[in-house]
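Report on the following structure.
The values are calculated or read from the model by the stated rules, or taken from the named source; none is laboratory data. As the structure is a prediction and not an experimental result, all values here were calculated from the model. Reconstructed Cβ throughout: ideal geometry from the backbone, glycine too, with neighbour counts over all protein chains shown. What goes into the accessible areas is simple: the full protein's heavy atoms, side chains included, and nothing from ligands, DNA or RNA. Shrake-Rupley method; radii C 1.70, N 1.55, O 1.52, S 1.80 Å.
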Amino acid sequence: RTIQAILELRQQHDLTLADVEGASVMTSRRAQVPLIYSRPKTGLEGKFSLQYAVTAALNDGELTLSTFTDAMVMRPEVQDFLPKVETSEDDGSPLPRWAKVTLRLRNQTELIHRVETLKGSNADPLSDDEIIDKFVSCCRYAGYDSRVEAYAATVLASVDLSTSARALTDAIHSR
């Protein structure tokens, strides 16, 4: 939810990391339990860092598997921004989950966005194009470049995803 809020603010206001002075993230209670690294130095640590995910989303406009390499985590502009991301948890109920992001911009304005419904959930499912984009990104990360878009579209057209994601994995393994 935090990353969704960051990406939506970035897109709505045409922001880059250079536009942002700092960020504050408040989440529902216990949402940050696995996020144990505030100043990650490796890709693996980056996967467990809310500060890194916020910074990378602001800087890159997306989070992909490639986001979580050692080299990406150690980019100077990313490392410089990590201390500017403040995190806190609400004292209330852990459910339902939510995140509220406040961006403090260099032009002295603040942008606030709260997300309760997670993109990709049953309540807000990914579009076919978003599913294909995600599939293609994962394939490319794994080294498969040839015709992945066409393959993704073919698989998607042949599977009823409304029943379960298991149908997609079954279709991939049967080909």
Antiparallel as a % of all DSSP beta bridges within the chain, to the nearest 5? 75 percent
Amide H proximity to Leu126 below 5 Å, modelled H, separation 5+ or other chain, gives Gly120
Between Ala23, Phe81, Pro94, whose Cα lies farthest towards the positive end of the dipole of the chain when Lys and Arg beta carbons carry +1 and Asp and Glu beta carbons carry -1, centred on the Cα centre? Pro94
Angle between the Cα long axis of helix 128-141 and the longest principal axis of the chain, 0 to 90 degrees, nearest 10? 90 degrees
Keeping all protein chains in place, calculate the accessible area per residue for region 20-131 (probe 1.4 angstrom), answer in Å². 55 Å²
Between Glu62, Glu21, Glu130, where does the largest GNM mean-square fluctuation fall for the chain, given springs only between Cα atoms within less than 10 Å? Glu130
Dipole size in debye (nearest 20) for region 14-121 around its Cα centre, Lys and Arg Cβ +1, Asp and Glu Cβ -1? 280 debye
In debye, nearest 20, what is the charge dipole magnitude of region 1-50 about its Cα centre with +1 on Lys and Arg Cβ and -1 on Asp and Glu Cβ, if you could check? 400 debye
Say the dipole of region 96-143 comes from +1 at the beta carbon of Lys and Arg and -1 at that of Asp and Glu; which of Pro125, Leu103, Gly143 then lies farthest toward its positive end? Leu103
Would you mind checking which residues have amide H under 5 Å from Gly22's amide H? H placed 1.01 Å from N; only 5 or more apart, or other chain. Arg104
Principal axes first, then extents: for the Cα atoms of the chain, list largest minus smallest coordinate on each axis, whole Å, largest first. 52, 37, 30
